[in-house]
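A.B. asks: Structure in structure tokens, see below.
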């Protein structure tokens, strides 16, 4: 309750008394009203409740009985409506010395090609291209402001692609041999020499020199460049001065001062928020300003400045920390993604995405690597293209070369066939030691029982198709002379006289296909040297036999395997026999020999039909006999056993890998003995190495592992020792060859036994990106779509797949790009 009293010691006039009463009444109403108002209602924080109505790009500041909307830095407006400020429209280009890019609430400076952005985010510094890969220059790289230049050592001159160097010969064409006077590019025309300039340069009045313009490397200027009649004129951005070199810009020295404003006691938050940037609080001493999280109060006690959280422990970020107004955000390096905690980074498994790589994708921390299948090359980081082996010195083929997806095939002319190395051609009348196949189909009769056996000593091939179907072959099929097989030339041969071909088909009931070990022949033990007997065939005329066994159910659609008598086995046989020309006589020529051989084969097939019906037909391999098919009861008994070509491992059937063969005696996989090899898996024999010695390491998986081959620079009639050195003027880069390659163009080599065209004494030494033409005796640039990474070669390599190069004279496969990129 309020009490009022009058000073009794003072006796004033009526006017004084009235004045005091009015004053006391006014004081009472003011104080009472103020207290009542404070008690009746408290201040509402509209910013917290979200009723402020501030723009999305504005900051809401609460004030007593009100609030205030302030546009964020980089925006302008009344807070209710904020518009992005385009800093790039300022006269100083927002401080960017080259280009300014406006972004919402901010801006970003960028630099011209040949420059990099300085740490201040505004200045542009020269990029030294020579530091990475020598700038792509073959010999010398000279860095310049905003660009670089390739140069050549003494005795060389720069090619038109401005990167590779060509040796300057003593004589030849104008642009190659003489001082043509062109500053950059020389072109030969019917009227003589014509000069051209690189992009960004202009040809001067003398038609030889080239003048630099601002279009190339910013004219050599660090900041601004203006083209004049005398060349580029450099200038500097605001706050920079031009260096004495007339190109570089140096920052001016300035001292920035931050004035500190005094705190006034009579300030109040109700007026202009007390001058505070953010939050304002009234106090006895005046206003107290404070800042929200992420900001720090400055020395003037009013202004709020953003805290750079990235300076302390990188903001807690694993990789990158980017400061923003009032906050910060973490980022990850390329190949990583941000975790849910917005701090840590996790490797991105790029290989989990579809079509990251054309063939094989290998994930590595922060990146990935693409690999290609054999016969394909990687280009453009992720793409695999077929290698055109025929463009690489004709694939090494003696005669013709056909490129195929993932490989290639060498061809031979009529009257010749491919050597075992699949590259040389040998005459059909010649036989290669160790490479003739031997197969025998014999039948004998004991009372009323016919017994037939198919004996193979080498070059066998087993291909299971299902649990009751397989194909077995022995020897080489024949194709017409001069006509190349489509694929796998090693399984074909040629002959001058067409062979006798015969086909037969047999049907069995209540049987199922399956090669099963029956027992060993009376001759005894399996060879321990070759994984087969390899006994020479004295009268071996069969060059190829293919047997296909297939079991089918009589009622495929409805029947189940409840009744075995519904299972039918069909055995198809295809064989080829050689007509031996040397056995022809005057009384029995080739036609007579052919008819005699046909009668003999038909007689054997008649006996074979009987033996199959009596289950007395076997395949004999390395003294082990295999049944072709089994009766229903025995087929079930053996159903749980592994088939030949497989062995039991960890309770499961595992196929014998390349370099091994299935031993029927031991019922397990054995490594190919020394002197043999096996390229395929699940086979019953190993193939004998070619050559007289037939030597090689144990477990060989490819024919080239066989020893005794002639090394590069040497040759022989069969590719095996004894060998001769390639004579002068010839070379051979591969092992096991029957010939040497001539240098061509009358060129010679420094000595015998040359292994490469690089050993040929050419008149000009060609640089990468070029090849030597033995007819013109000059270096020719590789055309678009081809490249050559080596010196002194006589060919260019085709880009893999459908890729191509942007220009001629390419020196690396990395310059091959997909069309349209």
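The values are calculated or read from the model by the stated rules, or taken from the named source; none is laboratory data. All values reported here derive from a predicted model rather than from experimental measurement. Neighbour counts run over all protein chains shown; Cβ positions are idealised from the backbone, glycine included.
A.B. asks: Could you give every pair whose Cβ atoms fall below 6 Å, whose first residue belongs to segment 640-661 and is over 24 Å from residue 676 (Cα atoms) and assigned by TED's automatic domain parsing to the domain that holds residue 625, and whose second residue is surrounded by fewer than 17 Cβ atoms within 10 Å (Cβ to Cβ) and modelled with pLDDT of 90 or more, counting only separations of at least 6 or pairs across chains?
C.D. replies: Here the result reads none, with nothing in segment 640-661 linked to a residue that is surrounded by fewer than 17 Cβ atoms within 10 Å (Cβ to Cβ) and modelled with pLDDT of 90 or more.
A.B. asks: Something else now. Taking segment 200-209 on its own, how many of its residues are touching a residue at least 12 places away in the same chain (Cβ under 8 Å) and either over 22 Å from residue 115 (Cβ atoms) or outside any strand (DSSP E or B) (or both)?
C.D. replies: So the answer is 4.
A.B. asks: Have a look at 152, 165 and point out the one that is crowded, with 21+ Cβ neighbours inside 10 Å and touching a strand residue (DSSP E or B) at 6+ places or on another chain (Cβ under 6 Å). I'd like the intermediate steps shown before the answer.
C.D. replies: On the way: 152 fails: crowded, with 21+ Cβ neighbours inside 10 Å.
The match here is 165.
A.B. asks: Identify, by number, the condition in (1) touching a residue at least 60 places away in the same chain (Cβ under 8 Å); (2) within 30 Å of residue 786 (Cα to Cα) that residue 372 doesn't meet.
C.D. replies: Going through the list (1) touching a residue at least 60 places away in the same chain (Cβ under 8 Å); (2) within 30 Å of residue 786 (Cα to Cα), residue 372 breaks only (1).
A.B. asks: Yes or no: segment 388-405 includes at least one residue that is in a loop (DSSP other than H, G, I, E, B), outside the structural domain of residue 598 (by TED's automatic domain parsing), at positive phi and at pLDDT 90 or above.
C.D. replies: Scanning segment 388-405, I find no residue that is in a loop (DSSP other than H, G, I, E, B), outside the structural domain of residue 598 (by TED's automatic domain parsing), at positive phi and at pLDDT 90 or above, so the answer is no.
A.B. asks: Do the conditions hold for residue 72, that is, is it out of contact with any helix residue (DSSP H, G or I) (no Cβ under 9 Å at 6 or more places or on another chain), modelled with pLDDT of 90 or more and farther than 30 Å from residue 223 by Cβ?
C.D. replies: No; evaluated as a whole, the condition is false for this residue.
A.B. asks: Give segment 113-144 a look and list any residue that's crowded, with 18+ Cβ neighbours inside 10 Å and touching a helix residue (DSSP H, G or I) at 6+ places or on another chain (Cβ under 6 Å), or say none.
C.D. replies: 114, 122, 129, 135, 141
A.B. asks: May I ask you to list the residues in segment 57-80 that are touching a residue at least 24 places away in the same chain (Cβ under 8 Å) and in a loop (DSSP other than H, G, I, E, B)?
C.D. replies: Those that are touching a residue at least 24 places away in the same chain (Cβ under 8 Å) and in a loop (DSSP other than H, G, I, E, B): 57, 64, 72, 73, 74, 79, 80.
A.B. asks: Inside segment 735-781, can you point out the residues that are in a helix (DSSP H, G or I) and within 32 Å of the chain's Cα centre (by Cα)?
C.D. replies: 757, 758
A.B. asks: Taking segment 83-92, which residues are in a helix (DSSP H, G or I) and surrounded by fewer than 19 Cβ atoms within 10 Å (Cβ to Cβ)? It would help to see each step written out before you state the result.
C.D. replies: To start, the set of residues in segment 83-92 that are in a helix (DSSP H, G or I) comprises 87-89.
Matches in segment 83-92: 88, 89.
Table: residues versus (1) within 51 Å of the chain's Cα centre (by Cα); (2) touching a residue at least 12 places away in the same chain (Cβ under 8 Å).
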| site | (1), (2) |
| --- | --- |
| 279 | no, yes |
| 309 | yes, yes |
| 335 | yes, yes |
| 338 | yes, no |
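A.B. asks: How about segment 663-696: which of its residues are touching a helix residue (DSSP H, G or I) at 6+ places or on another chain (Cβ under 7 Å) and surrounded by fewer than 17 Cβ atoms within 10 Å (Cβ to Cβ)?
C.D. replies: Selection gives nothing.
A.B. asks: If we keep just the residues of segment 299-342 that are at positive phi and outside any loop (DSSP other than H, G, I, E, B), which is surrounded by the fewest Cβ atoms within 10 Å (Cβ to Cβ)?
C.D. replies: Residue satisfying both the conditions and the ranking: 313.
A.B. asks: Inspect all residues belonging to segment 255-277 and state whether any of them is modelled with pLDDT of 90 or more, over 28 Å from residue 57 (Cα atoms), assigned to a loop (DSSP other than H, G, I, E, B) and in contact with a strand residue (DSSP E or B) (Cβ under 8 Å, 6 or more places away or on another chain).
C.D. replies: no
A.B. asks: Another one. How about segment 216-235: which of its residues are part of a loop (DSSP other than H, G, I, E, B) and touching a residue at least 60 places away in the same chain (Cβ under 8 Å)?
C.D. replies: Passing the criteria: 216, 221, 222, 223.
A.B. asks: If you don't mind, another one. Listed residues 572, 511, 587; which is assigned by TED's automatic domain parsing to the domain that holds residue 621, over 30 Å from residue 667 (Cβ atoms) and at pLDDT 80 or above?
C.D. replies: Just one listed residue meets the conditions, 587.
A.B. asks: Check segment 596-616 and report whether any residue there is in contact (Cβ under 8 Å) with a residue 12 or more places away in the chain, crowded, with 16+ Cβ neighbours inside 10 Å and part of a strand (DSSP E or B).
C.D. replies: No: segment 596-616 contains no residue that is in contact (Cβ under 8 Å) with a residue 12 or more places away in the chain, crowded, with 16+ Cβ neighbours inside 10 Å and part of a strand (DSSP E or B).
A.B. asks: How about segment 131-179: which strands (runs of 3 or more DSSP E) wholly inside it have at least 1 residues that are more than 30 Å from residue 249 (Cα to Cα) and modelled with pLDDT of 80 or more?
C.D. replies: Ranges flagged: 156-158, 165-167.
A.B. asks: Then there's this: Residues in segment 662-710 that are in a strand (DSSP E or B) and more than 19 Å from residue 422 (Cα to Cα): how many?
C.D. replies: 7
A.B. asks: If you don't mind, there's one more thing I want to ask. Could you tell me how many of the residues in segment 745-781 are within 19 Å of residue 715 (Cβ to Cβ), surrounded by fewer than 17 Cβ atoms within 10 Å (Cβ to Cβ) and out of contact with any strand residue (DSSP E or B) (no Cβ under 8 Å at 6 or more places or on another chain)?
C.D. replies: Result for segment 745-781: 2.
A.B. asks: Which of the residues belonging to segment 782-821 are in a strand (DSSP E or B) and crowded, with 21+ Cβ neighbours inside 10 Å?
C.D. replies: At the first step, the residues of segment 782-821 found to be in a strand (DSSP E or B) are 786-787, 797-798, 804, 810, 817.
786, 787, 797, 798, 810, listed by residue number.
A.B. asks: Search segment 620-638 for residues being over 21 Å from residue 669 (Cβ atoms) and outside any strand (DSSP E or B), and hand back the single one that is modelled with the highest pLDDT. Lay out the reasoning, then the answer.
C.D. replies: Residues of segment 620-638 that are over 21 Å from residue 669 (Cβ atoms), as a first pass: 628-637.
Imposing the further condition that a residue be outside any strand (DSSP E or B) reduces the set to 632-637.
Numbers: 632: 64, 633: 56, 634: 55, 635: 50, 636: 49, 637: 51.
Once the filter is applied, the top-ranked residue is 632.
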